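S.K.: I'd like to ask some things about the structure below.
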Amino acid sequence: MSLALAVAGDTLRVEGVIDFTNADASCAEGLAKLAAMPSTVTLDLAGLSSASTVTVAVLLRWGRALAARGGRLQLAHVPEKCRAILQVSGLGQALPEIS
């Protein structure tokens, strides 16, 4: 399965999966989209079909890119598995959830 990213205002919607097979391409695509967005972005994960540590690593790269320009990434509709990875790794502060 592949990944699709769609921009709507200050929201970046994620559809599909981020895994080992597409992590580099997904990261690059997300960084390119984020570069053209406002400094505070809501990442809507409602369409994320699975999550792993690779998924969280890509989300962290996106968040760090926004932070480097004074912005922040906030998560919405976080799947339970992704939430669990964020909690157990102590990364919930780095990627705050808003809904």
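Quick note: the coordinates plus some simple rules give every number you see, no bench work behind them. As the structure is a computational prediction, the values presented were derived from the model and not from experiment. Neighbour counts are summed over all protein chains in view; Cβ atoms, including those assigned to glycine, are modelled from backbone coordinates with ideal geometry.
S.K.: Enumerate the calculated ³J(HN,Hα) couplings along the range 36-43 in order (Karplus 6.51 cos²θ - 1.76 cosθ + 1.60, θ = phi - 60°), each rounded to whole Hz, writing x wherever the residue is Gly or Pro.
M.R.: Each residue of the range 36-43 in turn: 9, 9, x, 6, 10, 10, 9, 9 Hz.
S.K.: Ok, one more. Enumerate the amide H contacts of S49 below 5 Å, restricted to partners 5 or more residues apart or on another chain; note that Pro and chain-start residues carry no placed amide H.
M.R.: G16, V17
S.K.: What does the charge count near L5 come to, summing +1 for each Lys or Arg and -1 for each Asp or Glu among other residues with Cβ under 11 Å from its Cβ?
M.R.: Net charge around L5: -1.
S.K.: Can you tell me the relative contact order of the range 3-89? Whole percent, Cα pairs under 8 Å, sequence separation 6 or more.
M.R.: Relative contact order of the range 3-89: 32 percent.
S.K.: Separate question: What number, rounded to the nearest 500 deg cm²/dmol, is the helix-based mean residue ellipticity at 222 nm of the chain, given -39500 (n - 2.57) per DSSP H run of at least four residues and division by all its residues?
M.R.: It comes out at -12500 deg cm²/dmol, rounded to the nearest 500.
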